[in-house]
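Trainee: Below you'll find the structure I mean.
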Ligand code: IVH
């Protein structure tokens, strides 16, 4: 092989490997590590090389194969796989108008006539395919690998704007409609804010949040995520009179299917350019994320003639917008101490408009980030909206650097209590270790404890500030010892406010155990984990005395979380707090639900694996209702491995090795009957 050929081959292999890894992160984990823009650059390089060196092309190259959102073989897939009737293709894309001109040329040459293009915004969410028969929603399936997707019907039913039954007339007897499930910026910000408060991992962007939400096992949670849908493609195999994609979408709107109002029919590629220029600016004011414009040949017969390649239709292409950025000046940098003591540098900026909101602050994450940017006060910086609640600084514009700049100095001591900061080797952040003495951390713990999702006590930041400054509260249980007299001594407090506060304190004693567990602020124990732990162990003593191994048995509990729970209950002052709360009448045990049907499974630990005729959630509830426990991994303490279709091979093997009985869904039903 010539040297240049072998170099090209090496590069091709490297690019394929990298792109496959990025596909996995994007589609399966919903945690991309590079921007779409950088991904597209890699993909374009691969496509160019494969064109130039056709001898190295491959039918399984990521340039040919559609990325897949189907859970990997190893993970237990909770969703039933469904084959798409019509493959769900991807779409070619470009950032370059000259390439659009080539697309237009190819289209007109193949058809031998001019065409109208339907231009639509490319919504940055996750694709869904719905099937309607006789106007009723039958099924909802994700794109998957384009050929097979996950059946997420149960979850889709929770999205209000998607019609379960169509209105009007003229829809095909059976048809598929494809569209995008997306999360508006506002819902995304709220979700990440909640996750940040709960110390849960943040979603990198609304697209990942939308697709992550669609794959949730708890469909009730989906209803709370503010997901929306817009539909853009209708497929059927009947003979119907529709000849225009644009008109077909207009009809779909009359059937009750949400479609984008921003769709324009263009008679030439120049008109397409005008649409692109308009929306590159206007999109910043939209309440949801868009990453480009999809340009489609409007005539349905023309679409058929042009056909598809194995990966994408020849009658459509996408023009993508570069990521939205704003340029602003750094005025100063604050160092914020959080509930857990983590110190986050936050830059104060000259106000600037970005993705529809005025940005005044941007996160800098940690010291490494400041160093990597070589950031100075007075620098002009680029800001982008990522997954964070506040935007992030992505680069410094060195060409605009003033002569008057000052390096950003990271503090050695806690900006609040002065304790020397520490940084664990494995962590990127600095921490103030003074968790029981640092006022900011203590006050933040109270605010979290009183939160609506926690004990729902009527005390905001200002009240906590006053109570703390006056020395009335220092540990959480002090809230329950406050007197009316003390409350009336607070600035602006009258009897009515004090009474309402005391009532909310009394009421909080009845909060479910899971809320108390969430409220006490164990690191990494968010709302959902608290519920799981409360249900599994039943009371606080069960959790306090649990070994790490026992904790790891609980579904969704990993090393980090188990270590954190262990560390929390090792701390004498935390144990003191718990006994104080117990004495004060706070609810520290899970009330057995009335649904508890029997004790038939009391003392049984059951692992479930595979696909069942009912949802896994329902199976789990049945186990719990019969006093059993559903655990995540097979161990010697496992009573049964309950298997549906396609159980995980590693679980099967482990059960066989350890002699754990393997039972079917039918056998399980017999046991509880
Ligand atoms: S048409 C066969 N129209 O972008 C044509 N796609 O990268 C199917 N998307 O998988 C796609 N907005 O998830 C089309 N107005 C729009 C769209 C759109 C967003 C997504 C869709 C598709 C991806 C292509």
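Each value in this text was obtained by applying a stated rule to the coordinates, not by laboratory testing. All of these numbers come straight from a predicted model, not from anything done at the bench. With ideal geometry, Cβ positions are generated from the backbone for all residues, glycine too; neighbour counts draw on all protein chains shown.
Trainee: Distances longer than 19 Å among the Cα atoms of the range 299-353: what percent of all pairs is that? Before the final figure, lay out each step's value.
Mentor: Details: 956 of 1485 pairs.
Taking all Cα-Cα pairs of the range 299-353, the fraction more than 19 Å apart is 64 percent.
Trainee: Could you tell me what fraction of 2.2 N^0.38 Å the Cα radius of gyration of the range 230-288 comes to, as a two-decimal ratio?
Mentor: 1.35
Trainee: Also: Please state, rounded to one decimal and in Å, the Kirkwood hydrodynamic radius that the range 399-547 gives when every pair of distinct Cα atoms enters the mean of 1/r. Show your work: numbers first, answer last.
Mentor: Details: mean 1/r = 0.0555 Å⁻¹.
Across the range 399-547, the inverse of the average 1/r is 18.0 Å.
Trainee: If packing is taken as the average count of other Cβ atoms within 10 Å, what order do 169-178, 530-539 fall into, highest mean first? Don't jump to the answer; show the numbers that get you there.
Mentor: Working: 169-178: 17.2, 530-539: 20.0.
Going by the mean number of other Cβ atoms within 10 Å, highest first, we get 530-539, 169-178.
Trainee: Which of the peptides 463-469, 404-410 is most tightly packed, and how do the rest follow, judged by the mean count of other Cβ atoms within 10 Å per residue?
Mentor: Details: 463-469: 17.9, 404-410: 12.9.
In descending order of packing, they fall as 463-469, 404-410.
Trainee: Stokes-Einstein diffusion coefficient for the range 245-324 at 4 °C in a medium of 1.567 mPa s, Rh from the Kirkwood formula over Cα pairs: what value in µm²/s?
Mentor: Working: Rh = 14.2 Å.
Translational D for this selection: 91 µm²/s.
Trainee: Could you tell me the relative contact order of the range 295-440? Use alpha-carbon pairs under 8 Å, at least six residues apart, and round to a whole percent.
Mentor: Working: 274 pairs, mean separation 29.5, N = 146.
Relative contact order comes out at 20 percent.
Trainee: Take the Cα gyration tensor of the range 569-629, multiply each eigenvalue by 5, square-root it, and list the three semi-axes largest first, rounded to whole angstrom. Intermediate results must be reported in sequence, preceding the final value.
Mentor: Numbers: eigenvalues 219, 45, 21 Å².
They are 33, 15, 10 Å, listed from largest to smallest.
Trainee: Then there's this: Report, please, the projected area of the range 519-575 averaged over directions, based on the convex hull of its C-alpha atoms, in nm². Please list the in-between numbers first.
Mentor: Details: hull surface 13.8 nm².
About 3.4 nm², averaged over all directions.
Trainee: Next up: Semi-axes of the range 372-426's equivalent ellipsoid from the Cα gyration tensor, sqrt of 5 times each eigenvalue, largest first, rounded to whole Å?
Mentor: Values: eigenvalues 130, 62, 22 Å².
Equivalent ellipsoid semi-axes, largest first: 25, 18, 10 Å.
Trainee: When the expected Rg is taken as 2.2 N^0.38 Å, what fraction or multiple of it is the alpha-carbon Rg of the range 545-665? Before the final figure, lay out each step's value.
Mentor: Details: Rg = 17.0 Å, N = 121, 2.2 N^0.38 = 13.6 Å.
Ratio of Cα Rg to 2.2 N^0.38 Å: 1.25.
Trainee: Could you list, bin by bin from short to long, the percent of Cα-Cα pairs of the range 93-162 in 10 Å steps?
Mentor: Values per bin, smallest distances first: 15, 30, 25, 25, 6.
Trainee: Would you please classify the overall shape of the range 139-190 from the alpha carbon gyration tensor, given that a ≥ b ≥ c denote the square roots of the eigenvalues, rounded means a/c under 1.5, and beyond that prolate means a/b larger than b/c while oblate covers the rest? Display every interim value, and only then the final one.
Mentor: On the way: a/c = 2.20, a/b = 1.28, b/c = 1.72.
Oblate.
Trainee: Okay, next question. For the range 156-298, state the average projected area of the convex hull of the C-alpha atoms over all orientations, rounded to one decimal in nm².
Mentor: Details: hull surface 40.9 nm².
The Cα convex hull of the range 156-298, projected and averaged over all directions, gives 10.2 nm².
Trainee: Here's a follow-up. Quote the relative contact order of the chain in percent (integer), defining contacts as alpha-carbon pairs under 8 Å separated by 6+ residues. Mind showing how you got there, number by number?
Mentor: On the way: 1168 pairs, mean separation 66.0, N = 673.
Here the relative contact order equals 10 percent.
Trainee: Give me the Kirkwood hydrodynamic radius of the chain in Å, from all C-alpha pairs, to one decimal place? Intermediate values should be presented prior to the final figure.
Mentor: On the way: mean 1/r = 0.0349 Å⁻¹.
One over the average 1/r among Cα pairs gives 28.7 Å for the chain.
Trainee: If you split all Cα-Cα distances of the range 43-155 into 10 Å bins from zero, what percentages do you get per bin, shortest first?
Mentor: 11, 28, 33, 22, 6, 0
Trainee: Is the shape of the range 497-609 rounded, prolate or oblate, going by the alpha carbon gyration tensor and its root eigenvalues a ≥ b ≥ c, with a/c under 1.5 for rounded and a/b larger than b/c for prolate?
Mentor: It is oblate, given that a/c is not under 1.5 and a/b is not larger than b/c.
Trainee: Which peptide among 604-611, 208-215, 6-13 comes first, and what is the full order, when sorted by highest mean count of other Cβ atoms within 10 Å?
Mentor: On the way: 604-611: 21.2, 208-215: 23.8, 6-13: 14.1.
Ranked from most to least packed, the peptides come out as 208-215, 604-611, 6-13.
Trainee: Separate question: What is the Rg over Rh value, at two decimals, for the range 601-673, using alpha-carbon atoms and the Kirkwood definition of Rh? Don't skip to the end; give the middle numbers.
Mentor: Working: Rg = 11.0 Å, Rh = 12.0 Å.
My calculation puts Rg/Rh at 0.92.
Trainee: What fraction of the DSSP beta bridges in the chain is antiparallel, stated in percent and rounded to the nearest 5?
Mentor: On the way: 74 of 87 bridges.
Just about 85 percent of them are antiparallel.
Trainee: Can you quote the Å³ per residue value for the convex hull of the Cα atoms in the range 291-402, rounded to an integer?
Mentor: Per residue, the Cα convex hull of the range 291-402 comes to 174 Å³.
Trainee: Quick check on the chain: helices-only [θ] at 222 nm, where DSSP H runs of length 4 and up contribute -39,500 (n - 2.57) each and the sum goes over total residues. Nearest 500, please.
Mentor: Details: 24 runs with 243 residues, N = 673.
Helix-only estimate at 222 nm: -10500 deg cm²/dmol.
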